[in-house]
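To start, the structure under review is shown below, and the notes come after it.
Each reported figure results from applying straightforward, stated rules to the coordinates on display, with no laboratory input. What you see is a predicted model; the values in this text were computed from it and never measured. Virtual Cβ from ideal backbone geometry, glycine too; neighbours counted across all protein chains shown.
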Amino acid sequence: RKEVEQDPGPFNVPEGATVAFNCTYSNSASQSFFWYRQDCRKEPKLLMSVYSSGNEDGRFTAQLNRASQYISLLIRDSKLSDSATYLCVVNIAGQNFVFGPGTRLSVLP
Amino acid sequence: NAGVMQNPRHLVRRRGQEARLRCSPMKGHSHVYWYRQLPEEGLKFMVYLQKENIIDESGMPKERFSAEFPKEGPSILRIQQVVRGDSAAYFCASSPAISYNEQFFGPGTRLTVL
């Protein structure tokens, strides 16, 4: 089993749609969780950290379920500019960061 | 506060040559990570370094690849005797002293091996 798994994608959605990304991780000692986005041929950029209580940043909501070792990202009212690959990332303190394979999103006009 | 800097941004090498990729972390960051991304694939962890120490090199090929992060100066990823399969984007990231903070990425170096 891979350390971090994500929905295979791609997701093609119309503008204004709500889209949810799912991620699972295998190492129960994981302590920090993040969502990054990566545009084509660009570096990954931090979208948001994920906290145990869940957190929201504008149209983006992240949830963490430690018992199920599951992380989610919800994007509401999607925009064309949201088109990118979304990467789930987990970290164990003192060790490296593990990136999921990513899920590609295309928001269509 | 400058972000993570990588140079060169593009590097072309012929098979058998050496490639040296440099990464300067964000100011105040003492942790550096190197990743490789093949076309249409995800990021693959290579190595994690702190100043003068390799913490985790489990993702780095045993041969031809080496990395360092000296006390002074940038981190260097060195690839000896490059082959066509080394063609990829190489990203460097840095994080503050506490390693479980988020990482910040540089723009990457695109290596092309002819």
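A few remarks follow.
- Segment A:86-97, residues that are more than 7 Å from chain B (Cβ to nearest Cβ) and surrounded by fewer than 21 Cβ atoms within 10 Å (Cβ to Cβ): A:Ile92
- Per-region count, segment A:39-58, residues exposed (fewer than 12 other Cβ atoms within 10 Å of the Cβ) and away from chain B (no Cβ under 12 Å): 4
- No other residue among B:Pro107, B:Pro74 is under 14 Å from the mean Cα position of the chain (by Cα) and away from chain A (no Cβ under 11 Å) apart from B:Pro74.
- Taking the conditions (1) facing chain A (nearest Cβ under 10 Å); (2) surrounded by 18 or more Cβ atoms within 10 Å (Cβ to Cβ) in turn, B:Pro39 satisfies each one other than (2).
- Subset tally (residues that are more than 8 Å from every other protein chain (Cβ to nearest Cβ) and part of a loop (DSSP other than H, G, I, E, B)) for segment A:29-38: 2
- For segment A:4-21, a residue qualifies if it is exposed (fewer than 14 other Cβ atoms within 10 Å of the Cβ) and out of contact with any helix residue (DSSP H, G or I) (no Cβ under 9 Å at 6 or more places or on another chain), and the qualifying residues are A:Pro8, A:Pro10, A:Asn12, A:Pro14, A:Gly16, A:Thr18, A:Ala20.
- Positions within segment B:21-30 being of a type outside the set (A, V, I, L, M, F, W, C) and surrounded by 14 or more Cβ atoms within 10 Å (Cβ to Cβ), in sequence order: B:Arg22, B:Ser24, B:Pro25, B:His29, B:Ser30
- Residues considered: A:Ser106, A:Ser53, A:Ser30. Of these, the only one that is among the hydroxyl-bearing types (Ser, Thr, Tyr) and within 22 Å of A:Lys2 (Cα to Cα) is A:Ser30.
- Options B:Tyr33, B:Tyr90: the member that is touching a Leu at 6+ places or on another chain (Cβ under 7 Å), within 12 Å of chain A (Cβ to nearest Cβ), in contact (Cβ under 8 Å) with a residue 24 or more places away in the chain and surrounded by 13 or more Cβ atoms within 10 Å (Cβ to Cβ): B:Tyr90
- For segment B:43-82, the set of residues classified as within 30 Å of A:Pro8 (Cβ to Cβ) and surrounded by fewer than 18 Cβ atoms within 10 Å (Cβ to Cβ) consists of B:Lys44, B:Asp56, B:Ser58, B:Gly59, B:Pro61, listed by residue number.
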